[in-house]
Amino acid sequence: MPDATRQPKTYRKDGGDTTVIASGGVLDIETGGKVLANGTQGAALTAQLTTLTHTEPGTPDYAIQALTVTTPYGFVTADEGNSVLKAIANLQTRLAEVEARLEALGIVVAN
């Protein structure tokens with residue numbers, strides 16, 4: 001006789017129409033497995049651009065002031081401009097990491 005006090009952390013409900021993964025449960029997608037929506041894998045993300053290269057700011061300055069209004073337009077200090085470039089490069093790196101993980105899980109098609 002099964003133990004009625006033992007509750008699985010993954011189970012089906014609604015006549016098998018819904019799979020529930022409760023707290024502590026795991027969905028393990030093995031190598032080559034995919035996650036599909038309506039039988040379709042998510043489209044590939046937009047191809048990445050080349051990651052920016054930039055000069056490290058002497059003192060990071062993330063309190064960006066209004067751009068200068070004299071010709072040429074620009075940042076008030078070089079550190080402000082380099083801080084913005086550093087933040088953009090960091091976003092590129094982090095998004096590339098997210099994309100790689102989504103591709104590895106089979107959630108989106110690889111580029």
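The values are calculated or read from the model by the stated rules, or taken from the named source; none is laboratory data. It should be emphasised that the depicted structure is a prediction, and the values quoted were computed from it without experimental measurement. Methodologically, a virtual Cβ is constructed for each residue, glycine included, from the backbone with ideal geometry; neighbour enumeration extends over all protein chains shown.
Values for this structure:
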item: Whichever residue in segment 39-73 is assigned to a strand (DSSP E or B) and without any contact (Cβ under 8 Å) to a residue 12 or more places away in the chain and, among such residues, is surrounded by the most Cβ atoms within 10 Å (Cβ to Cβ); result: 68
item: Segment 12-35 residues that are in contact (Cβ under 8 Å) with a residue 40 or more places away in the chain, paired with ones that are part of a strand (DSSP E or B) (beta carbon under 9 Å, 6 or more apart); result: 35/42
item: Within segment 1-30, considering residues that are at pLDDT below 85 and not acidic (Asp, Glu), the one farthest from the chain's Cα centre (by Cα); result: 1
item: Looking only at segment 74-111, and only at residues there that are in a helix (DSSP H, G or I) and among the small types (Gly, Ala, Ser), the one that is surrounded by the most Cβ atoms within 10 Å (Cβ to Cβ); result: 83
